[in-house]
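The values are calculated or read from the model by the stated rules, or taken from the named source; none is laboratory data. Since the structure is predicted, the reported quantities are computational estimates derived from the model, not experimental observations. Every residue, glycine as well, gets a Cβ built from its backbone with ideal geometry; the counts of neighbours run over all protein chains shown. Just the protein is used for accessible areas: all its heavy atoms, side chains included, with ligands, DNA and RNA removed. Shrake-Rupley method; radii C 1.70, N 1.55, O 1.52, S 1.80 Å.
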Amino acid sequence: MAMKLRDLIRKVRACKTAAEERAVIAKESAMIRTAIREEQEHYRHRNVAKLLFMHMLGYPTHFGQLECMKLIASPHFPEKRIGYLGMMLLLSEEADVLMLATNSLKNDMNSQNKFISGLALCTIGNLATADMSRDLAPEVDKHLKSGMPYLRKKANLAMARCLTKCPDMVEDFVDRVVTLLKDKNHGVLITVVQLMTQVLMIDLKNAEEEGENPFETDCRKAFLRLVPMLVKMLRNLLSSGYSPEYDVAGISDPFLQVQLLTLLRLLGTKNEKASEEMNDVLAQVATNTESSKNAGNAILYECVQTIMGIESEDGLRVLAVNILGRFLLNRDNNIRYVALNTLSRCIKEQQETIDGSVPTESANTASAALQKHRNTVVDCLKDPDISIRQRALELIYYMVNQENVEALTAELLNYLVLCPREHRSDICTRILRVVERFSPDDRWRVDTLITMLTIAGREASREVQSAAVIYISRSGDDIHAYATHKLLKAIRDDDGSQRGLLVVGIWCVGEYGDHLLSPYSYTPSPGPGETMNGAPVSITFMALDPLSVVQAVETVTKRHSCPDYIKERALTCFAKLCDRFANKGDAAALTLLQNLIKQHEVSHSLELQLRACEYDALVNATKGIKTVVKKPEAEPDLFGVTDNGNTGEGVSASVINAAKEALSRMPVVDLKVLDKKREEAFGDIPMPKAKLAAPAPAGSGDLLDLNDMFGGTAAPAPAQNGGAEAPKSDLDLLTDIFAASSVAPVAPVGGGGGYDPFGAAGPVAAMPAPTNPLDIFGAPPTISATMPVPPAVGNPLDIFGAPPAAVPMATPVSIPMAPMMDAPAPAANASVVVPGFTHEGLTIEFECSKPDIWNKQSSELIAKCTNASSDAMYGFNLQCAVPKYVTMEMEPPTSTTIPVTGMNTAKVVTQKIKVTNSQLGTKNLMLKLKVSFTLQGRKIEHLATCGGFPAGEY
């Protein structure tokens, strides 16, 4: 005899171990399989009930699926009930045996027993596949007209499933759904509203797949005509009296209210007319719903979602924010979490503009209303629940604006102390973004970044550390002194764990260590909400001696936990401090610095070895001492790198100046250049469409406007070839940026300017010159009448020496060569000097030459910089852009410091540029230049155009 279900439950509960439970289930499963094989019909419903229990425990029950099919075919209701229940639980819509139930479902829906029909409709609503939905939809449609509410509400849910599986049937049921809204039964109304919601979502998806406007479909238009009816239905629910049948905690049918609000939100999205019809009833729901019970909170939450989702008025949005603010005061963490999450999502959606930026809250009334609940949101950061704290942190990030940045940043820093370590990196990045955007002044920005590094320097990313360095370097000397004093104090107080703080602090000490030798004091301004009581309190940092500064950094490097990258930065700091303290008269500090650098020359780290040797040579070079490479006696000098004991020689003045320049302060970082590096290639810049226009004069349409590319706003300087720069044309910059100029055309060179062994050169003199019998190509050589003096050969070991100055050219004259075998070859090509521009005392000229006689397209330009001002120029940076038919290779300048021209030991700063004009003879070479440098503490930038190159030659 088969075991009863309750006996099986008792046996399973009596098991003390999982093994015992598995043994009981395995034994009972074997008995059920035997009963199925022997077709024991009397115990079939009992076996399926036991399989349902096993399924709930997680054991396999697939062998009982056909038994469910047999039970639903039974004429008895108890067996049908167990069969349909097993079918909905043991089968999925992917099961192949499900198709066997289609005929039984159709027969049961036509049954006279409403409970049997209800079981069939429930099964369709849970398991119907696309094929079953298409076959059974007419039968379900019949029950939509049934006189029994019990069947109508189940038919609505079943129809929702059918339409989901067969979206093409949506249009056929729109009219039927409209008539169902007039039903008086609340249970039927809830299912009808659910069906309408499902139809709208299916219609929206279909329209998007077909490429149509999802808000202009016929289905949506038909439902929009029902908005007044839906609004009236919701208003009646609010004004109806007590009804024991639908009342929940004193609220009339909250389930229907929630469904109606959801449907109204879908209908009011991007529809001002429908939204205007809903505004009054939404305000009534928001003000008249009691929030002391959970049912009321559910309605209010859905009302807020609807207000934020439709085109509602600003006053209504403020009301919605105030409702969520009341939720934040609730003791239930679930309600507080929902409120914080909803506020974050709504404020973010409202603040995002078309270009993706986030404007300030002053432009949004709802965001401004949220500021009234700022203290409540801040208090959520102190909640013991981590999920509440995380949602509050997200919301505070969107609440920051120019007025509250100081207060909210202080709260973020306080939370940074308490938050889990794995979240600190993300919070540091958020604080950096807030500081970058809303910082009131440089001192507050630097102070905030230092405080953040003091708290979470270990978790701060490289981006945060680099940003702190950049903002400190871009500030004035006053901020340099303040930041250096504060960072040195923080380094002393730290135990070596906040490595981001050590990176920034050691860098600042190396760059601005001379400020530490002077005292510094300032009076902080009162914070937000603070008042000044009595005399202002000033903060003072005492002056330090050089030895104390060096010892503070040395203490960091001597810790066992100090990583190599901190030691590498400390080495750079020591080298720079040698220059900062060179004239301070503290021999002990300088000796200690030299020893600290030399002690890493035998380090196990190759990087530390290399840095130590290079910095030692650099420091010695600033003193005029030549570094000698020594080798052990036992090792042979394989490469000849030793100096054979010549220690008495000094170094040249150019080497001393170059070494001092290398140890000088880092030039100011250009944020525009950093931003440009983040962008994609320059070709992604949108260009205007081409327009038909007359040929432009020379220089008007030939040069690419690179002001935006360089990040400058100043107008470009006039061309240096004598004429003023004409306004740019509207030609398509992508198709012909560099159009042919209107100058006199030059005879094209054979092969487009390339090497043509069979083409003769154009005439260069009035009379034809006699040909050279040794010239097999028949081209008369062109040499200068006055040959330039060969430049003196410089010291090949002097890597800092400048190239020799150019010799002025005379007018070239064609001279025939004598027919002598031993005659020297003529000069390949004489150089041409083209003026670039002059600005603020800086003059740049280009010495142009052809390095290869066989390649006429390639040219070499040497930019020579002269300084006519009264002071040296620092941080020199020259950028150059060329047309698309020109390829360019640009080498770094010989120095980033341009001394005053004419001073003793002053070298001419040069920079080599190699260009290749692929359309030589058709289009001329043009350059767009941008130069930046620092003169007497002022950052100077200048844009210019250079197009005075000889036509047909460059």
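Of all residues in the range 870-904, how many are of a type in the set (Gly, Ala, Ser), open to solvent by less than 30 Å² (accessible area, probe 1.4 Å) and farther than 18 Å from HIS942 by Cβ?
Number satisfying all stated conditions: 1.
Residue by residue through the range 907-926, note down the ones that are under 14 Å from ILE862 (Cα atoms), part of a loop (DSSP other than H, G, I, E, B) and open to solvent by less than 10 Å² (accessible area, probe 1.4 Å). Selection gives nothing. Here ARG44, ARG6, ARG13 are screened, and the one residue that is at pLDDT below 90, out of contact with any strand residue (DSSP E or B) (no Cβ under 9 Å at 6 or more places or on another chain) and either open to solvent by 60 Å² or more (accessible area, probe 1.4 Å) or more than 22 Å from GLY125 (Cβ to Cβ) (or both) is ARG44.
Sort through GLN65, GLN112 and tell me the only one that's among the polar types (S, T, N, Q), closer than 30 Å to ALA155 by Cα and open to solvent by less than 60 Å² (accessible area, probe 1.4 Å). Walk me through it before giving the result.
Details: GLN112 fails: open to solvent by less than 60 Å² (accessible area, probe 1.4 Å).
That would be GLN65, the only listed residue that is among the polar types (S, T, N, Q), closer than 30 Å to ALA155 by Cα and open to solvent by less than 60 Å² (accessible area, probe 1.4 Å).
Entry remark, the range 116-151: residues being part of a loop (DSSP other than H, G, I, E, B) and either without any contact (Cβ under 8 Å) to a residue 12 or more places away in the chain or under 22 Å from ASP203 (Cβ atoms) (or both) number 5 in total. Among residues of the range 222-240 that are without any contact (Cβ under 8 Å) to a residue 24 or more places away in the chain, those with a beta-carbon under 7 Å from a residue that is part of a helix (DSSP H, G or I) at least six positions away or on a different chain give the pairs LEU237/LEU256; LEU237/GLN257. Taking residues in the range 186-206 that are in contact (Cβ under 8 Å) with a residue 24 or more places away in the chain and in a helix (DSSP H, G or I), and partners anywhere that are of a type in the set (D, E, K, R) and surrounded by fewer than 20 Cβ atoms within 10 Å (Cβ to Cβ), the pairs with Cβ atoms closer than 9 Å and at least 6 places apart or on different chains are HIS186/GLU245; LEU189/ASP183; VAL192/ASP183; ASP203/GLU171; ASP203/ASP218; ASN206/ASP168; ASN206/GLU212. Residues of the range 218-249 that are surrounded by 14 or more Cβ atoms within 10 Å (Cβ to Cβ), of a type outside the set (D, E, K, R) and not in a helix (DSSP H, G or I): LEU226, TYR246, VAL248. Taking residues in the range 553-570 that are assigned to a helix (DSSP H, G or I), and partners anywhere that are open to solvent by less than 30 Å² (accessible area, probe 1.4 Å) and of a type in the set (D, E, K, R), the pairs with Cβ atoms closer than 9 Å and at least 6 places apart or on different chains are VAL556/ASP494; ALA570/GLU554.
Apart from one condition, LEU929 fits all of (1) open to solvent by less than 20 Å² (accessible area, probe 1.4 Å); (2) out of contact with any Leu (no Cβ under 8 Å at 6 or more places or on another chain); (3) of a type in the set (A, V, I, L, M); (4) outside any loop (DSSP other than H, G, I, E, B); the exception is (2).
VAL174 meets all of the listed conditions (1) open to solvent by less than 20 Å² (accessible area, probe 1.4 Å); (2) over 47 Å from the mean Cα position of the chain (by Cα); (3) modelled with pLDDT under 85 but one, namely (2). Is it the case that ALA295 is open to solvent by 10 Å² or more (accessible area, probe 1.4 Å), in contact with a strand residue (DSSP E or B) (Cβ under 8 Å, 6 or more places away or on another chain) and of a type in the set (A, V, I, L, M, F, W, C)? It is true that ALA295 is open to solvent by 10 Å² or more (accessible area, probe 1.4 Å), in contact with a strand residue (DSSP E or B) (Cβ under 8 Å, 6 or more places away or on another chain) and of a type in the set (A, V, I, L, M, F, W, C). Beta carbons closer than 9 Å, at least 6 apart along the sequence or on distinct chains, pair a first residue in the range 652-665 that is touching a residue at least 60 places away in the same chain (Cβ under 8 Å) with a second that is of a type in the set (Asp, Glu) for SER652/ASP798; SER654/ASP798; VAL655/ASP798; LYS660/ASP579; LEU663/ASP579; SER664/ASP579; ARG665/GLU511. Scanning the range 24-73 for residues that are charged (D, E, K, R), in contact (Cβ under 8 Å) with a residue 24 or more places away in the chain and under 14 Å from MET3 (Cα atoms) yields GLU28, ARG33, ARG44, ARG46, LYS50. Considering only the range 152-178, how many residues are over 18 Å from ARG220 (Cβ atoms) and assigned to a helix (DSSP H, G or I)? Total meeting the criteria: 11. Within the range 260-297, the residues that satisfy the criterion of being under 14 Å from MET233 (Cβ atoms) and of a type in the set (Val, Ile, Thr) are THR262, VAL281, VAL285.
If you take the residues of the range 571-586 that are open to solvent by less than 10 Å² (accessible area, probe 1.4 Å) and outside any loop (DSSP other than H, G, I, E, B), which of them is nearest to HIS600 (Cα to Cα)?
By that ranking, first place goes to LEU571.
Would a scan of the range 338-349 turn up a residue that is open to solvent by less than 60 Å² (accessible area, probe 1.4 Å), modelled with pLDDT under 80, of a type outside the set (A, V, I, L, M) and within 27 Å of the chain's Cα centre (by Cα)? Within the range 338-349, not a single residue is open to solvent by less than 60 Å² (accessible area, probe 1.4 Å), modelled with pLDDT under 80, of a type outside the set (A, V, I, L, M) and within 27 Å of the chain's Cα centre (by Cα).
Of all residues in the range 458-499, those satisfying the criterion of being small (Gly, Ala, Ser) and within 22 Å of the chain's Cα centre (by Cα) are ALA460, SER461, SER466, ALA467, ALA468. Filtering the range 91-101 to residues that are open to solvent by 20 Å² or more (accessible area, probe 1.4 Å) and part of a helix (DSSP H, G or I) leaves ASP96, VAL97, MET99, LEU100. In this structure, does PHE215 turn out to be touching a residue at least 12 places away in the same chain (Cβ under 8 Å) and part of a loop (DSSP other than H, G, I, E, B)? In short, yes.
So which residues in the range 269-292 are open to solvent by 100 Å² or more (accessible area, probe 1.4 Å) and among the polar types (S, T, N, Q)?
Correct list: ASN288 only.
Beta carbons closer than 6 Å, at least 6 apart along the sequence or on distinct chains, pair a first residue in the range 396-420 that is within 21 Å of LEU370 (Cα to Cα) with a second that is open to solvent by 40 Å² or more (accessible area, probe 1.4 Å) and of a type in the set (Lys, Arg) for TYR397/ARG430; TYR398/LYS348.
Could you say which residue among GLU633, GLU568, GLU649, GLU614 is open to solvent by 70 Å² or more (accessible area, probe 1.4 Å) and modelled with pLDDT of 90 or more?
Being open to solvent by 70 Å² or more (accessible area, probe 1.4 Å) and modelled with pLDDT of 90 or more holds for just one of GLU633, GLU568, GLU649, GLU614, which is GLU614.
Quick check on the range 923-941. Is at least one of its residues in contact with a Phe, Trp or Tyr (Cβ under 6 Å, 6 or more places away or on another chain) and basic (Lys, Arg)? Within the range 923-941, one or more residues are in contact with a Phe, Trp or Tyr (Cβ under 6 Å, 6 or more places away or on another chain) and basic (Lys, Arg). Within the range 53-76, is even one residue among the acidic types (Asp, Glu), modelled with pLDDT under 90 and closer than 26 Å to MET109 by Cα? Checked against the condition, which is being among the acidic types (Asp, Glu), modelled with pLDDT under 90 and closer than 26 Å to MET109 by Cα, the range 53-76 yields at least one hit. Just to be sure before I move on: is LYS145 of a type in the set (D, E, K, R), within 24 Å of THR102 (Cβ to Cβ), open to solvent by 30 Å² or more (accessible area, probe 1.4 Å) and at pLDDT 90 or above in the structure I sent? Taking the combined requirement at face value, the residue does not satisfy it. Of everything in the range 68-90 that is part of a loop (DSSP other than H, G, I, E, B) and not small (Gly, Ala, Ser), the residue that is surrounded by the fewest Cβ atoms within 10 Å (Cβ to Cβ) is PRO75.
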